[in-house]
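Asks: Starting off with a structure, shown below.
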Amino acid sequence: MASRGFASTYRVALLAGAMLLCFAGVGVKLVRLHIIDRDLYLAAVEKSRQQSTTMHARRGDILDARGDILATSRSMIELGVDPQTLRPEDEPKWPELARLLGLPVNQLRRVFQTRTRAPAAGAAGREIRWAKLRDEIPESLYEEVNKLGIRGVYGQRVYRRVYPHSQLAAHIVGFVNKEGVAASGVEAYLDNYLMGYDGWRESEKDGLRRELAQFRSRDVPPKDGWSVVLSLDTAVQNWAEEELAAIAREFQPRHATLIVSDAPSGFLLAMANHPTFNLNEFNKAPMELLKNNAIASQLDPGSTFKIVAASGALNERLVAPDTRFDCSADLATHNGRSLRLMRDDHASDHPLTVAEIISRSSNRGATLLAMRLGDQRFYDYARAFGFGGRTGFPFGGEISGLLNPPAKWSGIDITRIPAGYSISATPLQIHCAMAAIASGGELLRPQIVREIRDASGAVVFHYGRESIRRVLSPAVAGQMAFMLQGVASRGGTAAVAEIPGYQVAGKTGTAQKIIDGRYSNKNHVGSFTGFLPAGNPRVVITIIVDDGRAPAGGAGYGSKVAAPGFRRLAEKLIPYLDIKPVAVAGAWQALAAHGDPRP
Amino acid sequence: MKKTNTNAFVSQMLVYSLLLIGLAGAGGMTAVWQRQAIAATAGRIKQLEQQAAETDRRQAGVTAAVAAEQTLDALNRRNQHWMLGLAQVRENQIVRVDGQPERRLAAKRNAEILAGRAAPPPALDRNTSRPAAPPAPPQARYALGGAR
């Protein structure tokens, strides 16, 4: 029997057994991987391959009435670095990167070389995978950064809010803070419409963390935000802010507010405050500047409030424009009590007509009108004009002012309130009261939003004129309009507001401020509120100057600090808004002579 | 005879097996091609989406830049810098016409024809927007400086 050498039966069997064992081992491992530990490994694989991506929606724009952009969103890059992936060979490029970013090289180097966060007590330091280099850089700069090819330096795209007009209408537009939260103004009020909805996508990624688009399982596209069209006009708003700046330079007030509205509809064309702030640098503005004083501050309206007593008495047919009152007496009897009346700035040598009470701004005359009207009816008219309640301005923390019911009045309040004291109102309330006369006797809701448009530009909502209530009959509103012309005419308290060829109706106001618990002779709130043309009102303008000081050290009367600004602004608005003069030659003289409401 | 049948069966089996393998291979190849096509299409869609997003981003940037250049401050700066001398229209530069502009233009044209040269439109009262006075006939057609 010949020897078979190495290939003996025993060795073959041993080799076959070893191979069988190997296969068995592989089999056992496969069983362990695919059956016993299947769920564990599958979960780990899916976890590492699955990715969920958020797709950010673009926030809608805020536009003015002409389509000018007041707020928009633009793509910016938040640039950062992963210090763990930096390569030594890229280090020569660091100075160039620092130059592009406008950072000191040492600062950049410090960020790049800090690879772990300072450890907490007893714990190891954590690796830094993202350190911010610049908050916001434009796409063009990001392209230049990418050209450097520094591994580990990359950006995250975010939409950031920009306000092209900077400080224009800052209190109306509002702002979105760095966290993307709408904080004030229209931005906050209409955030639900503006913000849109982020989309998201579930898919898988490869080993280089690139998305494998073919494995997308869910894909919800983002919905861009809707745009909001305001009734504001940037040109009018700009002139209003220029006028306030001029008033601030000349009279150095604590605050000043200017409101312009469309008389027939009540929509606001401008609402400006001084001081104001830059929307693009809202984080640098002190908190007190963020407050919209037009709706969130209150002051004594002063003589602008006299329209309430006069209108009420006319509307109740208790007086006619030519009814005369003796305003020379110091005392008047009311409800069986003798009350001392406020002094008038200008002594009257004859009994004043209602029209003269308005044009000369007689405190005593206004008081006598209110007394004739009676406490409750006078209060009801004040409420009907919108005092003591919110106007319905939709955002900005509007306050209601202060107007007590007659039951809470002190004995002398009936001599003070008709002249605009012992009552507080916001600038917008004063404006709306005058606008009620301009609109023909209806109190209109002051509105700011004209339209809401979807991302394709189609109009989704359109807002129209909204009447709150009728305060006066149209005839009485017309009588008041013509009587208020006397204020802005020769012999009136605001002759400086007169515009040749146009009929300006308005009312000055000067209220002493309470300083240390007493009415001050030096600190005043001067105001002028009016409209034009009186016969066919188009715009209502209100200027309130808080604690303005005349250059020669004089008091900040409304006729000095506010009325000239009214005229300057109105002269700009006349050609811009195509306000035509109304031919009513001799209307005022006819009214004075015959007491007719209109010629 | 029996052997021949067996051979034929084996041959048929081989043919069918080969056919089956071929079909299975073709099906497999088709599936692979389909998956590859799906991957390629998905990748192309992804690229297009990225391009659209990039376009949106650039459009947003351009919109913001245009808006910044159209602010009143910027326009005023340009006006001064380029010395354009543009200014807001003042009321005293405006002549308001509340009648029919066609009749006014016709009257102006007739006046031009009759005078043989351009004549100024009738002056309007600023308050009433009506002719302040009937236009006076030209005194001297060829006077130096034109008819007054």
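Asks: Show that you can apply the helix-only estimate: for chain A, add -39,500 (n - 2.57) for every DSSP H stretch of four or more residues, divide by all residues, and state [θ] at 222 nm to the nearest 500.
Replies: It comes out at -9000 deg cm²/dmol, rounded to the nearest 500.
Asks: Turning to a different aspect of this structure: Please arrange B:PHE9, A:PHE395, A:PHE528 by how many other C-beta atoms lie within 10 Å of their C-beta, fewest to most.
Replies: The order, fewest Cβ neighbours first, is B:PHE9, A:PHE395, A:PHE528.
Asks: Also: Using each residue's phi in segment A:98-106, evaluate 6.51 cos²θ - 1.76 cosθ + 1.60 at θ = phi - 60° and report the 3J(HN,Hα) Karplus result to the nearest Hz, with x for Gly and Pro.
Replies: 4, 5, 4, 8, x, 10, x, 4, 5
Asks: Can you order the peptides A:402-413, A:77-88 by their average number of other Cβ atoms within 10 Å per residue, highest first?
Replies: A:77-88, A:402-413
Asks: Work out how much length A:LYS223 to A:VAL111 would gain on full extension: take 0.36 nm times their residue separation and subtract the Cα-Cα distance, in nm to one decimal.
Replies: 36.6 nm
Asks: Using 14 Å as the cut-off for backbone N distance, which residues of segment A:217-239 belong to the label zone defined by a point 7 Å from the Cα of A:TRP200 along Cα→Cβ?
Replies: It comes to A:217-223, nothing else.
Asks: May I pose another question? Could you tell me whether segment A:294-347 comes out rounded, prolate or oblate from its Cα gyration tensor? Rule is a ≥ b ≥ c as square roots of the eigenvalues, rounded for a/c under 1.5, then prolate if a/b exceeds b/c, otherwise oblate.
Replies: Cα axes put segment A:294-347 in the oblate bin.
Asks: If I take R0 = 41 Å and measure r between the Cβ atoms of B:LEU114 and A:TYR576 in this structure, what FRET efficiency does the formula 1/(1 + (r/R0)^6) give, to the nearest 0.05?
Replies: For B:LEU114 and A:TYR576, the calculated efficiency is 0.65.
Asks: Right, here's the next one. Could you run the Karplus curve 6.51 cos²θ - 1.76 cosθ + 1.60 with θ = phi - 60° over segment A:22-32 and give me ³J(HN,Hα) per residue in whole Hz, x for Gly and Pro?
Replies: Each residue of segment A:22-32 in turn: 4, 4, 4, x, 4, x, 4, 4, 5, 4, 5 Hz.
Asks: Which of A:ALA213, A:ALA294, A:VAL12 sits farthest toward the positive end of the charge dipole of chain A, with +1 on the Cβ of Lys and Arg and -1 on the Cβ of Asp and Glu?
Replies: Farthest towards the positive end: A:VAL12.
Asks: Assign one of three labels to segment B:2-79, namely rounded, prolate or oblate, based on the Cα gyration tensor with a ≥ b ≥ c the square roots of its eigenvalues; rounded applies when a/c is under 1.5, prolate when it is not and a/b is larger than b/c, and oblate otherwise.
Replies: Because a/c hits 1.5 or more and a/b exceeds b/c, segment B:2-79 counts as prolate.
Asks: Here's something else I'd like to know. So how much slack lies between A:THR333 and A:TRP130, counting 0.36 nm per residue of separation and subtracting their Cα-Cα distance, in nm?
Replies: 65.1 nm
Asks: Separate question: At R0 = 30 Å, how high is the FRET efficiency between B:GLN51 and A:ASN177 if r is their beta carbon distance? Nearest 0.05 is fine.
Replies: Approximately 0.40, to the nearest 0.05.
Asks: Here is a follow-up. Quick query: amide H of A:TRP200 versus all other amide H atoms, modeled in the peptide plane; which residues come in under 5 Å with a sequence gap of 5 or more or a different chain?
Replies: Residues meeting the amide H criterion: A:MET55, A:VAL220.
Asks: Turning to a different aspect of this structure: What is the fewest-to-most order of A:CYS327, A:CYS22 by other Cβ atoms lying within 10 Å of their Cβ?
Replies: A:CYS22, A:CYS327
Asks: Between B:ALA37 and A:ILE514, how many nm apart are label points set 7 Å from Cα along the C-beta direction?
Replies: Here the answer is 8.4 nm between the modelled labels.
Asks: Here's something else I'd like to know. Can you tell me how much longer the chain between A:VAL459 and A:HIS346 gets when fully stretched, taken as 0.36 nm per residue apart minus their C-alpha distance, in nm with one decimal?
Replies: That works out to 35.2 nm of additional length.
Asks: Say R0 is 51 Å: what FRET efficiency, to the nearest 0.05, do A:VAL26 and A:GLN156 get from their beta-carbon distance?
Replies: According to the calculation, E is roughly 0.65.
Asks: Quick one: putting +1 on the C-beta of Lys and Arg, -1 on the C-beta of Asp and Glu, what dipole do you get for the protein assembly as shown around its Cα centre, in Debye to the nearest 20?
Replies: So the magnitude is around 1820 debye.
Asks: Moving on to the next point. Which of A:HIS431, A:HIS350 has the fewest other C-beta atoms within 10 Å, and how do the rest follow up to the most?
Replies: A:HIS350, A:HIS431
Asks: Placing +1 on the Cβ of each Lys and Arg and -1 on the Cβ of each Asp and Glu in the protein assembly as shown, which of A:ALA370, A:PRO104, A:SER227 has its Cα farthest towards the positive end of the resulting dipole?
Replies: The residue sitting most towards the positive pole is A:PRO104.
Asks: While we're on this one: What is segment A:234-290's relative contact order, in percent, from Cα pairs under 8 angstrom and six or more apart in sequence?
Replies: The normalised contact order for segment A:234-290 reaches 32 percent.
Asks: While we're on this one: Run the reach check for A:LYS93 against lysines, Cα to Cα strictly under 20 Å, same-chain hits fewer than 8 apart removed. What comes back?
Replies: The reachable lysines, counting only those whose Cα sits under 20 Å from A:LYS93, are A:LYS132, A:LYS147.
Asks: Turning to a different aspect of this structure: Given contacts defined as C-alpha pairs under 8 Å and at least six residues apart, what's the relative contact order of chain A, whole-number percent?
Replies: Answer for chain A is 13 percent.
Asks: Write out the trypsin sites (Lys or Arg not before Pro) in segment A:12-88 meeting two conditions: DSSP loop, and at most 16 other Cβ atoms within 10 Å of their Cβ.
Replies: For trypsin sites (Lys or Arg not before Pro) across segment A:12-88 that sit outside H, G, I, E and B with at most 16 neighbouring Cβ atoms in 10 Å, the list reads A:ARG66.
Asks: Kindly write out, for segment B:47-61 in residue order, the coupling ³J(HN,Hα) from the Karplus curve 6.51 cos²θ - 1.76 cosθ + 1.60 (θ = phi - 60°), rounded to whole Hz, with x marking Gly and Pro.
Replies: Computed from phi, the couplings for segment B:47-61 are 4, 4, 4, 5, 5, 5, 5, 4, 4, 4, 4, 5, 4, 4, x Hz.
Asks: Continuing with the same structure: Treating cross-link reach as a plain straight distance, find the lysines whose alpha-carbon is under 16 Å from the alpha-carbon of A:LYS560, omitting any fewer than eight places away in the same chain.
Replies: Cα-Cα hits under 16 Å: A:LYS507, A:LYS522.
Asks: When a/c is below 1.5 the answer is rounded, else prolate if a/b is larger than b/c, else oblate, so apply that to chain A with a ≥ b ≥ c taken from the square roots of the Cα gyration tensor eigenvalues.
Replies: Prolate shape, in that a/c is at least 1.5 and a/b is the bigger ratio.
The numbers here are math on the coordinates, done by the rules we state, and not lab data. This structure is a prediction, so every number in the text was calculated from the model and none was measured. Cβ: placed from backbone, ideal geometry, glycine included. Neighbour counts: every protein chain shown.
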